[in-house]
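S.K.: First the structure, which I've put down as structure tokens, then a few questions once you've had a look.
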Amino acid sequence: MPELPEVQALAERMTAACAGRSVARVEVLSVQVLKTFDPPPTALHGCPVTGVGRHGKFLDLAVDGGPHLVLHLARAGWVHARASFPAKPPSRRGPLALRLVLDDGSGYDVTEQGTTKRLAAYVVADPAQVPGIARLGPDALALTAGQLAALAAGARQRLKTFLTDQAVLAGIGNAYSDEILHRARLSPYAMAAALKEEQTARLHAAIGEVLTGALEHARAVPADGLKAEKKAGLQVHGRAGERCPVCGDTVRSVNFADSSLQYCPTCQTGGRTLADRRLSRLLK
């Protein structure tokens, strides 16, 4: 799933590419993708683009004198820049979910791979009208140490859940939460409210270092290569069975119904291996 660094890099690229351009048309190709009906997508037609922003993991295309087009790319969605589009109307079958055409003939295709369709588009007068944006916590990239300490003190959550709960912190997902906890040398199962002052300071530093580093890397990578390059830069996430680059221990995994987390026992859990809950249920 695209997380804060990838979405921010996309927003910056789109803002630069849309400078001085107006929306020619918005074509909705998937019946599932559009979550609003008033105003309609045609309300964007003819409006000058003023920029593309980010709210957590949401993209927000703003126009002058019209509504916002908000996108959540979910797990398998992506935005592809196009210099031009074929004259033939696009098929309503396949991964193409939405097309944004600008007044110079360039624009963007928004696609979603796979059969589970979770990509979402909203046309709204105010981004706060999108339920997922309305519930966002403070942005992880702008988080102060004091904010993090206050949030952790009131959270009855394990650190993995604490970091990925968008109502607590906006922008961190499964991959970067694993990287942050590895950098901070903290167990994903540690309780947020039980963190000591020194541990909270390590966690705050790790959030900034991991997200800032990933954003700098994302800015230097072509948009269509962001997903592959994201994986290449991860130290523990998606690397179960490989050696930890810090200590050399074997990276372990805990599997859930539709996700997993990865961690290093030596760096994060005092050498203790966390139980794989999915495997434990199968053995009962």
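S.K.: Give, as a single signed number, the net charge of other residues whose beta carbon lies under 13 Å from the beta carbon of V236, with Lys and Arg counted +1 and Asp and Glu -1.
M.R.: +3
S.K.: Please give the peptides 119-128, 159-168 ranked by average Cβ packing (other Cβ atoms within 10 Å per residue), highest first, as a rough proxy for protection.
M.R.: Per-residue Cβ counts within 10 Å, averaged per peptide and sorted highest first, yield 159-168, 119-128.
S.K.: Need one number: nm distance between label points at D276 and A149, each 7 Å from Cα along Cα→Cβ, rounded to one decimal.
M.R.: Here the answer is 4.0 nm between the modelled labels.
S.K.: For the charge dipole of the chain, defined by +1 on Lys and Arg C-beta atoms and -1 on Asp and Glu C-beta atoms about the Cα centroid, which residue among A167, V130, A220 has the Cα displaced farthest towards the positive pole?
M.R.: Working it through, the farthest residue towards the positive pole turns out to be A167.
S.K.: Then there's this: Between H45 and Q113, what is 0.36 nm times their sequence separation minus the Cα-Cα distance? Round to one decimal in nm.
M.R.: This chain segment gains 21.8 nm when fully extended.
S.K.: Another question, if that's okay. Please work out the FRET efficiency for the pair K35 and R156, using the Cβ-Cβ distance as r and a Förster radius of 30 Å; give the result to the nearest 0.05.
M.R.: Efficiency, from the Cβ-Cβ distance: 0.45.
S.K.: Classify segment 186-245: rounded, prolate or oblate, from the alpha-carbon gyration tensor (a ≥ b ≥ c, eigenvalue square roots; a/c under 1.5 rounded; otherwise prolate if a/b is larger than b/c)?
M.R.: oblate
S.K.: State the Cα centre-to-centre distance between segment 1-56 and segment 64-135 in whole Å.
M.R.: 6 Å
S.K.: Add +1 for every Lys or Arg and -1 for every Asp or Glu among the other residues with Cβ under 12 Å from the Cβ of A193, and state the total.
M.R.: Combined, the nearby Lys, Arg, Asp and Glu give +3.
S.K.: Can you find, among V79, A153, A205, the residue farthest towards the positive end of the dipole of the chain? Put +1 on the C-beta of Lys and Arg, -1 on that of Asp and Glu.
M.R.: Selected residue: A153.
S.K.: To continue, here is another question. Listed here are the pairs K196/K230; K117/K230; K35/K230; K57/K231; K57/K196; K35/K57; which of them are more than 26 Å apart at the Cα?
M.R.: K196/K230; K35/K230; K57/K196
S.K.: Please work out the FRET efficiency for the pair A205 and R135, using the Cβ-Cβ distance as r and a Förster radius of 25 Å; give the result to the nearest 0.05.
M.R.: 0.40
S.K.: Determine the dipole magnitude for segment 161-284: charges of +1 sit on the beta-carbon of Lys and Arg, -1 on that of Asp and Glu, nothing else is charged, the reference point is the Cα centre, and the result goes in debye to the nearest 20.
M.R.: Dipole of segment 161-284, to the nearest 20 debye: 440 debye.
S.K.: If you filter segment 196-281 for trypsin sites (Lys or Arg not before Pro), then keep DSSP loop positions with at most 16 other Cβ within 10 Å, what is left?
M.R.: Hits after loop and neighbour filter: K196, R272.
S.K.: Give me the extension gain from K227 to S259: residue separation times 0.36 nm, minus the current Cα-Cα distance, reported in nm with one decimal.
M.R.: Extra length from K227 to S259 when fully extended: 9.8 nm.
S.K.: Quick one: what does P(r) look like for the chain with 10 Å bins over all Cα pairs, in whole %?
M.R.: 6, 27, 32, 21, 11, 3, 0
S.K.: Points 7 angstrom from Cα along the Cβ direction at R25 and K88: gap in nanometres?
M.R.: Placing both labels 7 Å along Cα→Cβ, they lie 1.7 nm apart.
No lab work stands behind these numbers, since they all come straight from the coordinates. Keep in mind it's a predicted model, so treat the numbers as computed, not measured. Note that we place each Cβ from the backbone using ideal geometry, even for glycine, and neighbour counts take in every protein chain shown.
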